[in-house]
Amino acid sequence: MVSSTLTRTWRQCSGLFKVCIQDGLAYKAAGVIWVLTDVANAITMPVVWLAASKGGAIQGYTSGQFVAYYLCTLMISSFIVCHFMWDISMEIREGVFSSHIIRPVPYMLYIVVRNFAWRLVRSGIFFPWFLVFLVSYTGATGPVQLHLGWEFWTSVLLGHFVSVTLVTAMAMIALFTEEAQTIFELYYFPMLFLSGQLFPLALLPQWASKAAKFLPFYYTTGAPTEILVGKADAAQIPWILTMQVAWIGLSLVLFKALWTRGMRRYAGVGM
């Protein structure tokens, strides 16, 4: 019985995954636009920190490590960072959400598969740019050792699920108000500063850096990047992975609570 349920779920997810991959490939222009915004960061931020460090080190980061950190963050974030709350909010407001909730696949599982497929497409679009910047900054990076062990890959996968579950839980606010977009915009301020996308957390004051490591944002892109460039000690890695799992669990609990209450209010307006 359990095996048949798992087999059916696997078939549903694999079929949905193929459809979502085709959908992502059909709308490559949107992916290119998002990638171009990342390209701007890849051009400006390494140059800023190369000038600031002037061949020295800032909080343990040499100029080469700064460049490697930003390039790795950009590549990792193209797979990890989820922005699906905008799509979910629009679908709820327009009534398209109704077609999703009557599907045999649980809604959270549907979003996870849908986002995973889109992230793979987006990463594929960004990868050639990543190689271009890697070659362009070869002289600036210097000898930087990357740590590509199982800890890194596990952290990347968990970081992806931290982002998608947290964002999907937050998107359920749209079941209670039509002005959810304003709340979503507020999400980006702490996310950019505390996730490590704008700068490594080591550059924050010590109290802020410690506080950030109890929040979910760092466990999306910051933690995997620090593991990759060797800025996370071996003793810290089990804590990082544990916190990632904990935030996935908390996000799922929050999603379930908002989903249960929100579905009592949802009326399919806009259909």
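The values are calculated or read from the model by the stated rules, or taken from the named source; none is laboratory data. What you see is a predicted model, and the numbers here were worked out from it, not measured in a lab. Cβ atoms come from the backbone with ideal geometry, glycine included; neighbour counts cover every protein chain shown.
Structure values in brief
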| read-out | value |
| --- | --- |
| Single residue of 76, 111 found to be buried (at least 22 other Cβ atoms within 10 Å of the Cβ) and within 28 Å of residue 259 (Cα to Cα) | 111 |
| Identity of the residue in the range 224-271, hydroxyl-bearing (Ser, Thr, Tyr) and at pLDDT 90 or above, that ends up farthest from residue 213 (Cα to Cα) | 251 |
| Residue match in the range 114-133 (condition: under 19 Å from residue 217 (Cβ atoms) and either in contact (Cβ under 8 Å) with a residue 40 or more places away in the chain or surrounded by fewer than 19 Cβ atoms within 10 Å (Cβ to Cβ) (or both)) | yes |
| Members of the range 83-106 that are over 22 Å from the mean Cα position of the chain (by Cα) and among the aromatic types (Phe, Trp, Tyr) | 97 |
| Residues of the range 198-230 satisfying the condition of being touching a helix residue (DSSP H, G or I) at 6+ places or on another chain (Cβ under 7 Å), under 22 Å from residue 167 (Cβ atoms) and small (Gly, Ala, Ser) | 212, 222, 223 |
| Restricting the range 94-108 to residues that are free of Cβ contacts under 8 Å to residues at least 40 places away in the same chain and loosely packed, with under 15 Cβ neighbours inside 10 Å, the residue that is nearest to residue 255 (Cα to Cα) | 106 |
| Neighbours by Cβ (under 6 Å, 6+ apart or cross-chain): first from the range 173-189, surrounded by 15 or more Cβ atoms within 10 Å (Cβ to Cβ); second among the hydroxyl-bearing types (Ser, Thr, Tyr) | 174/89; 175/266; 180/89 |
| Residues being touching a residue at least 12 places away in the same chain (Cβ under 8 Å), among the small types (Gly, Ala, Ser) and not in a loop (DSSP other than H, G, I, E, B) - total across the range 221-260 | 3 |
| Among residues of the range 178-197, those that are of a type in the set (D, E, K, R) and more than 22 Å from residue 265 (Cβ to Cβ), counted | 1 |
| Out of 167, 162, sole residue that is touching a Ser or Thr at 6+ places or on another chain (Cβ under 8 Å), modelled with pLDDT of 80 or more and either of a type in the set (A, V, I, L, M) or in a helix (DSSP H, G or I) (or both) | 162 |
| Conditions (1) within 18 Å of residue 225 (Cα to Cα); (2) modelled with pLDDT under 90; number of the one not met by residue 132 | (1) |
